[in-house]
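Please see the structure below; I have some questions.
The values are calculated or read from the model by the stated rules, or taken from the named source; none is laboratory data. Given the structure is predicted, the values throughout are model-derived calculations rather than measurements. A quick note on method: Cβ atoms are made from the backbone with ideal geometry, for glycine too, and the neighbour counts reach across all protein chains shown. Ligands, DNA and RNA are excluded from the accessible area calculation, which covers all protein heavy atoms including side chains. Shrake-Rupley method; radii C 1.70, N 1.55, O 1.52, S 1.80 Å.
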Amino acid sequence: MDLFFWEIARASGLAAYAALCISVLSGIAPRTQALSFLASNRAVRALHDWSPWIVIPAALVHIVALLLDATARIGVLDVFVPFLTSYGQLAIGLGTISLDLLVVVLVTTWLRRRFSNNAWQWWHRVSYLGFGTMFLHSMLSGTDLTSPVIAALSWAAGIGIAYYALERLGKALNPARIRA
């Protein structure tokens, strides 16, 4: 039975990772110099708005499957508090942090009307950290990265998001923009 839960955990983990990649890329790409033409594209906006509705159930299935898998030895506390597991502390702890950050981003998005736009944007940018920790979690604990296709897609998404995030950071830190 543990093999069944392990396969479910793998599939749902990949689905959550793919959906988060889509969400982050469709959110960040239209705000970059190279892809700014996508900013007015309603399909890209809808993709960004609706892909979290895939991340949430996929992440929940991933967590439940790991909780039910006796071989994984993941406890309920491990789901919320990082670095408590007796093995794979770094990899599993990063997964816990990514879940915690995802929850922060989603809750602040649902409560967006209660924040100023500037405050909400800062909270929403936590998704970059959430993606980074999920990327590292998948690289350190994901057994599917032995597949060249999955590895290539994972690295391509990670590199693309890192590039566009750094481009946005560079624009935000541009001294000419700050003085203006």
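Once phi is turned into ³J(HN,Hα) by the Karplus curve 6.51 cos²θ - 1.76 cosθ + 1.60 with θ = phi - 60°, what whole-Hz value does each residue of region 113-127 show in order, with x for glycine and proline?
Ordered by residue, 3J(HN,Hα) equals 5, 8, 10, 5, 4, 5, 5, 4, 4, 5, 5, 5, 5, 4, 4 Hz.
Quick one: accessible surface of Leu153, probe radius 1.4 Å, all protein chains present, in square angstrom to the nearest 10.
So the heavy atoms of Leu153 present about 120 Å² to solvent.
Using θ = phi - 60° and the Karplus relation 6.51 cos²θ - 1.76 cosθ + 1.60, list the HN-Hα couplings for region 47-62 in order, rounded to whole Hz, with x at every Gly or Pro.
Karplus-based 3J(HN,Hα) across region 47-62 equals 4, 5, 6, 9, 5, x, 6, 9, 4, 4, x, 5, 5, 5, 5, 4 Hz.
Sort Arg113, Arg10 from largest to smallest accessible area, using a 1.4 Å probe on the heavy atoms of the protein chains.
From most exposed to least exposed: Arg113, Arg10.
Please list Glu7, Glu167 in order of solvent-accessible area, largest first, computed with a 1.4 Å probe with all protein chains present.
Glu7, Glu167
Please arrange Thr143, Thr108, Thr71 by accessible surface area, largest first, computed with a 1.4 Å probe and ligands excluded.
Per-residue accessible area, sorted high to low, gives Thr71, Thr143, Thr108.
Still on this structure, please answer the following. When 1/r is averaged over all different Cα pairs and the result inverted, which Kirkwood radius in Å belongs to region 19-118?
Working: mean 1/r = 0.0645 Å⁻¹.
Every distinct Cα pair counted, the radius reaches 15.5 Å.
Here is a follow-up. Can you give the longest run of the chain that contains no chymotrypsin sites (Phe, Trp or Tyr not before Pro) sitting in a DSSP loop with at most 13 other Cβ atoms inside 10 Å?
Values: sites that count: Phe83, Tyr87.
For chymotrypsin sites (Phe, Trp or Tyr not before Pro) (loop position, at most 13 other Cβ atoms within 10 Å), the longest site-free span of the chain is 88-180.
Could you give P(r) for region 61-144, binned at 10 Å from zero, as whole percent values over all Cα-Cα pairs?
P(r) for region 61-144, in whole percents per bin: 18, 44, 25, 12, 1.
Would you kindly give the portion of the calculated P(r) for the chain that falls above 23 Å, as a percent of all Cα pairs?
44
Report the residue, chosen from Ile97, Ile22, Ile159, that carries the largest GNM mean-square fluctuation when the chain is represented by alpha-carbon nodes joined by springs under 10 Å.
Top of the fluctuation ranking is Ile159.
Also, quick follow-up: Explain nothing, just compute: Karplus ³J(HN,Hα) = 6.51 cos²θ - 1.76 cosθ + 1.60, θ = phi - 60°, for every residue of region 156-163 in order, whole Hz, x for Gly and Pro.
Result, rounded to whole Hz: 4, 5, x, 5, x, 5, 4, 4.
On full extension of the chain, what length is gained from Asn174 through Leu129, given 0.36 nm per residue of separation minus the C-alpha to C-alpha distance?
Working: separation 45, 0.36 × 45 = 16.20 nm, distance 2.13 nm.
Here the answer is 14.1 nm.
Continuing with this model, one more query. Only four residue types carry charge here, +1 at the Cβ of Lys and Arg and -1 at the Cβ of Asp and Glu. Report the dipole size of the chain about the Cα centre in Debye, rounded to the nearest 20.
1100
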